Amino acid sequence: MLFALVDCDNCYVSCERVFNPSLEGKVVVVLSNNDGCVVARSPEAKAAGIPEGTPFFQLAERFPNLEIHALSSNYTLYGDMSRRVMNILRQSAPDIFVYSIDEAFLMLDESPLTQTDFKRWGEDLAARVRRWTGMPVSIGIARTKTLAKMASKFAKRYKGYNKCCFIDTEQQRLKALSLFPVEDVWGIGRRHAARLKERGIQTALDFTHLSADSVRRAMTVTGLRTWMELCGRDCISLEHLPRKQTICTSRSFPKMLISCEALSVPVSGFAARCAFKLRQQRSMAQFVTVFLSTNPFREDLDQFSLGRTVALPAPAASDPEIIKAALAALDACVAAAQQKLVIDYLELQNEPQTIGLRPADFQWKRAGVIVSGIVPDSEIQTNFLDIPTKLKEKLHALSCVADSINARHGEESIQVASAMRTVDPETGKALTFRNSILHSRRSPFYTTDLRDIIQV
C-alpha cells in the first residue's frame, strides 16, 4: 500500500495570494484574530527572520527597513479554499482522509497506475490543484504515513522534486532519514526531541537505530509506532492518527470588559467554537477550562489572570453542554477575581495612607476556552450523574444539524442565544463571531459572499 500526503504550502498566505497576485514574492504575514500576532508567514517572511507569534505592533519596530504586508485572518476564505482543494483530491484517489485544513492523506493501494507512474501522478496532481484553484501543494508518497509526511516536506523544501517526492526504494528511505532532523519527525514532540538530542540522536536515521524496547519505555506505544513507521512498517491506522489533545479558542477584546454579563457572550461563542472543532474530529471532551487576563501593556491598571476548570459528568461535544460548563467556569473565575479584590481591599485598610480606598475592578482584555480530556466519540462511557442518554443524543444531533445549516447558508446562520452579540445598527441583526472582533486588514470573502465577488 502507498500513501500520499498532500500539504497546501503556506496555506493562509497562499489563499490570500490567489486573489491578490501582487503579494507574490513579497513579505506577507497573516495575523491572529483582533490583529494580535503573526500566525502564518510567507517563505519571504520566514527568510527575513520574522518569528511566528510576533505581536503585530512590534513588527515595524523590529523590522524597520522591511516592507511587510500584514493581513487580518479570514478563516471563512481559508476554509472554503481548503474545501475546493479537497474536492479535487477526492477525484484523484480511491480513498482520502482529510487530516487538517491544509493536509490530506490519499490511499493509493487500488490505483491502476504502475509503481513507476506515481512520481508523475503526484506531479500532475500538484499541477492540477494549482491550475484549478491557484493553491500550491506539495506531495509526499511513501509506504507509511510518517514517511509520506517526511517526503512532503522534502517536496516543499527542494524545487528539484517538482512538487512531488516519492520515497520508493530502501536506499531512498535511508537517505531521507539521514537528512531529516529528529525534531521535525511527525509524532515526536518537543520534549521527546530534546531528550533524544541529549542522547546524541540528531536525525530520523539515528532514531531508527534505537531498539524497539528502549523507544517504548521512553516514548510509550505512540513513539514506538513512529519508530516502526520510519523503519518502513505501516502501523498507524486512520483511527490512531494524532489528534488534538486540547482545543483552545481565545481572543483579545477590542475594548476591555468588566462585568460577568459582558464576558458571558464571548465566552459562550468560544465554547461553541471549541464544541464545533470537537465534532469536526469526531471527538468529545471531559473538561472545560475558562481563563481570563487583563491587559499586560496597561501598566496603569491592576494586572491579574486566572482560570477555572469544570469537569463534565461524561464526555460531550454538543454546544449546550460545552457552553453550560464554560459559563459555570466563568462564574468561578469571576468569583475568584472578586475574592482577590476583597483581599486587596482589606490590605489597603491596614495602611494609614490608603484607608478608605477601594481597588478598581479588573478590566479584562482577553478570555479563552480550552476543552481537554479529549476522547473519540465512539468510546464514551455513560455516567448516572449525566443528563439522560436520549437527551444527550438529541443535543448532539441538534448541534450537528446546526453545523450543516451553517455550512450551507453561511457561518453562524444559526447559533446558541447566549453567544449572540450586540445588535448591528445597520442591519438590526446580532453581530456574528467573525464580525465581533478587530479585522481592519481582512481581505474580502471572495468565494462565499456575492457582495465580495471580484469585478473584472
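The values are calculated or read from the model by the stated rules, or taken from the named source; none is laboratory data. Because the structure is a prediction, the values reported are computed rather than measured. When we count neighbours, we look across all protein chains shown, and the Cβ atoms used for this are built from the backbone with ideal geometry, even at glycine. To get the accessible areas, we keep the full protein, side chains included, count just its heavy atoms, and leave off ligands, DNA and RNA. Shrake-Rupley method; radii C 1.70, N 1.55, O 1.52, S 1.80 Å.
What to note about this one:
Let's see how each residue does on (1) part of a strand (DSSP E or B); (2) over 22 Å from Phe253 (Cβ atoms):
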| site | (1), (2) |
| --- | --- |
| Ala285 | yes, yes |
| Thr289 | yes, no |
| Leu306 | yes, no |
| Ala314 | yes, yes |
| Ala328 | no, no |
| Asp331 | no, no |
| Ala337 | no, no |
| Leu341 | no, no |
| Tyr345 | no, yes |
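- Where helices (runs of 4 or more DSSP H) fall entirely within segment 99-207, those with at least 1 residues that are of a type in the set (Ser, Thr, Tyr), open to solvent by 10 Å² or more (accessible area, probe 1.4 Å) and modelled with pLDDT of 90 or more are at 118-133, 170-179.
One line per residue, one yes/no per condition, for (1) within 30 Å of the chain's Cα centre (by Cα); (2) among the hydrophobic types (A, V, I, L, M, F, W, C):
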site	(1), (2)
Gly122	yes, no
Val137	yes, yes
Ala148	yes, yes
Ala151	yes, yes
Phe154	yes, yes
Arg157	yes, no
Cys164	yes, yes
Thr169	no, no
Lys175	no, no
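- For segment 17-28, the condition holds for at least one residue, the condition being that it is among the basic types (Lys, Arg), in contact with an Asp or Glu (Cβ under 8 Å, 6 or more places away or on another chain) and in contact (Cβ under 8 Å) with a residue 40 or more places away in the chain.
- Selection within segment 1-27: residues that are assigned to a loop (DSSP other than H, G, I, E, B) and within 22 Å of Phe105 (Cα to Cα). The member of this set that is farthest from the chain's Cα centre (by Cα) is Met1.
- Residue in segment 443-456 that is modelled with the highest pLDDT, counting only those that are open to solvent by 60 Å² or more (accessible area, probe 1.4 Å) and not in a loop (DSSP other than H, G, I, E, B): Arg451
- Any chance Thr226 is within 26 Å of the chain's Cα centre (by Cα), modelled with pLDDT of 85 or more, loosely packed, with under 13 Cβ neighbours inside 10 Å and of a type in the set (Val, Ile, Thr): no
- For Leu257: the one exception among (1) open to solvent by less than 50 Å² (accessible area, probe 1.4 Å); (2) under 25 Å from the mean Cα position of the chain (by Cα); (3) touching a residue at least 40 places away in the same chain (Cβ under 8 Å): (2)
- The residues in segment 291-304 that are open to solvent by 20 Å² or more (accessible area, probe 1.4 Å) and part of a strand (DSSP E or B) can be counted, and the count is 2.
- Candidate set from segment 60-73 (those that are hydrophobic (A, V, I, L, M, F, W, C) and over 23 Å from the mean Cα position of the chain (by Cα)); member that is most open to solvent (accessible area, probe 1.4 Å): Ala60
- Residue-level analysis places Asp234 among those that are in contact (Cβ under 8 Å) with a residue 24 or more places away in the chain, assigned to a loop (DSSP other than H, G, I, E, B), open to solvent by 40 Å² or more (accessible area, probe 1.4 Å) and not small (Gly, Ala, Ser).
- Inside segment 371-405, residues that are modelled with pLDDT under 75, out of contact with any strand residue (DSSP E or B) (no Cβ under 8 Å at 6 or more places or on another chain) and polar (S, T, N, Q) make up a count of 2.
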